[in-house]
Amino acid sequence: MKLALLPLVTLFLSLPLAAPAQQPAQGDPQQAAQQAMEKGDYATAETLLAKLAAEHPNNAHVLYDLGFAQEHNGKEDTAATTYRSAIEADPKMIEPQLALGLLDARAGRLQRAHKELESASEIVATSSSLRARAFRAMAQMDANGNTAVASDELLHAIQLDGETPADTLLSAELAERSNALPQAEQAYLKVLSSDPDNVEARVGLGHVFKAENKLADAEAVLQKGLDKHPEDLQLTMQLATVLVAEQKTEQAIPLLEKLRAAAPQGVDLAALTDMLAHIYSANGNMEAAEKLYRQALLKTPDDPRELDALGSLLIREAKFAEAEDLLRRAANQRAAFNDDSAWGDSAGHLAFAASRNGHPQMVLQALAARASVLAETPGTLFLSATAYDSLHQYKDAVKQYKAFLAIAADKFPTEEFQARHRLIALERQK
């Protein structure tokens, strides 16, 4: 249940590269094209530059300007082709190489983009700021999978034209992803010292404080941000999770309800629903928890996680018949679970509901499924013992009762009392 931890700074990927200023002669068509682009009239600029490019097919500056206009007119594939032509005309001109890399990065062609940006970064006899932009873009692309490489690339960018607030924020995120929490904390604090209104830095610092178990600090920094930006969902999410960790559930509930109503992209709604329903039930509001799960199932009636969640809640409400039906549907969808452990837990819940409904055969089937992925517990051993007992399979029942007592260690007095007395009774039957 989370938004993406922190969206990486996308400034250098999202902004188009500026067309290089040229100094053509007065009345030159290229000057007219430049003036059109300055006014945002990229359609006119493209028309003028296309004619120029036809007359001067090896002029890298004209080709780059044409690609720039085409990209702004939404013709990204055509622009990419034009940028490549500009690169062929002058491999040492950084603008088309960088523009092509950024275009491919925005289009999700990351492997290709990385190669193009790396080539741009190696054009040393050129603008240091443009080389730095290439390094920054590569750092963003590498941040998720290779933080060490991303950190090196960011350092190269800073060495070329100095550190920006966006660089500091990215360095904080990279440190956090590397679990270097003290360094991340200092970097986030540095951003906030110069820009207290930076929401991403505030969310990041709150997340780091929570990871460091500085829950009061996390609550304070996030609440301050939410006071100023009450509709920000990242701040809402982070503060809600901190409040839950602090067991301040009454304060967390309205935040979680707001998040669930907004259903922002990147939030695991099933996990959010489960958290909110768990808080409701922990606070004794079983009706609200049940309503929440039923609403979720109306949207995704075959979601095994939702089936398991509602079924487990119904067990607590002693609604065993419906619980067993829901949990059977969940357990029958093993492939739909996130992992085998979650499926095994659901099978265990089914065994418990079936036991309360007097269905010993289902108990044993569910426990066998659970045992294929999870270790036995005192609870599963006791359930299997009573199921065998109900089916008059006394030899197996004795075996399971003894196995239960061997590990119960006086933690389950009621069940241990029952197991001992059943063993005495079964021994007398021999």
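Quick notes on this structure:
- If you filter the stretch 334-358 down to residues that are surrounded by 16 or more Cβ atoms within 10 Å (Cβ to Cβ) and more than 27 Å from Glu287 (Cβ to Cβ), you find that the one that is nearest to the chain's Cα centre (by Cα) is Phe337.
- Some residue of the stretch 116-133 being under 26 Å from the mean Cα position of the chain (by Cα) and among the small types (Gly, Ala, Ser): no
- A search for C-beta distances below 9 Å between a residue of the stretch 231-251 that is in contact (Cβ under 8 Å) with a residue 60 or more places away in the chain and any residue that is open to solvent by less than 40 Å² (accessible area, probe 1.4 Å) and β-branched (Val, Ile, Thr), counting only pairs 6+ apart in sequence or on different chains, returns Leu233/Val267; Gln234/Val199; Gln234/Val203; Met237/Val203; Met237/Val267.
- Of all the criteria given as (1) in contact with a helix residue (DSSP H, G or I) (Cβ under 7 Å, 6 or more places away or on another chain); (2) surrounded by fewer than 16 Cβ atoms within 10 Å (Cβ to Cβ); (3) over 25 Å from Ser372 (Cβ atoms); (4) at pLDDT 90 or above, the one not satisfied by Pro254 is (1).
- Conditions (1) open to solvent by 60 Å² or more (accessible area, probe 1.4 Å); (2) modelled with pLDDT under 95: number failed by Leu276: (1)
- Criterion violated by Ala282 - all others in (1) touching a residue at least 60 places away in the same chain (Cβ under 8 Å); (2) open to solvent by 70 Å² or more (accessible area, probe 1.4 Å) satisfied: (1)
- Candidate set: the stretch 124-148, residues that are surrounded by 15 or more Cβ atoms within 10 Å (Cβ to Cβ) and among the β-branched types (Val, Ile, Thr); chosen: the one nearest to Asn179 (Cα to Cα): Thr147
- Positions within the stretch 73-123 being over 29 Å from Asn144 (Cα atoms), in contact with a helix residue (DSSP H, G or I) (Cβ under 7 Å, 6 or more places away or on another chain), buried (at least 16 other Cβ atoms within 10 Å of the Cβ) and not β-branched (Val, Ile, Thr), in sequence order: Ser85, Ala86, Ala89, Asp90, Met93
- Flag if Gln247 is in a helix (DSSP H, G or I), open to solvent by 10 Å² or more (accessible area, probe 1.4 Å), within 17 Å of Leu215 (Cα to Cα) and at pLDDT 90 or above: no
- Members of the stretch 358-370 that are without any contact (Cβ under 8 Å) to a residue 24 or more places away in the chain and of a type outside the set (S, T, N, Q): Leu367, Ala368
- Being crowded, with 23+ Cβ neighbours inside 10 Å and over 19 Å from Ala134 (Cβ atoms) is a property that Asp65 has.
The values are calculated or read from the model by the stated rules, or taken from the named source; none is laboratory data. All of these numbers come straight from a predicted model, not from anything done at the bench. Note that each Cβ is placed from the backbone with ideal geometry, even for glycine, and that neighbours are counted across all protein chains shown. Protein only, heavy atoms only, side chains kept; ligands, DNA and RNA dropped before computing areas. Shrake-Rupley method; radii C 1.70, N 1.55, O 1.52, S 1.80 Å.
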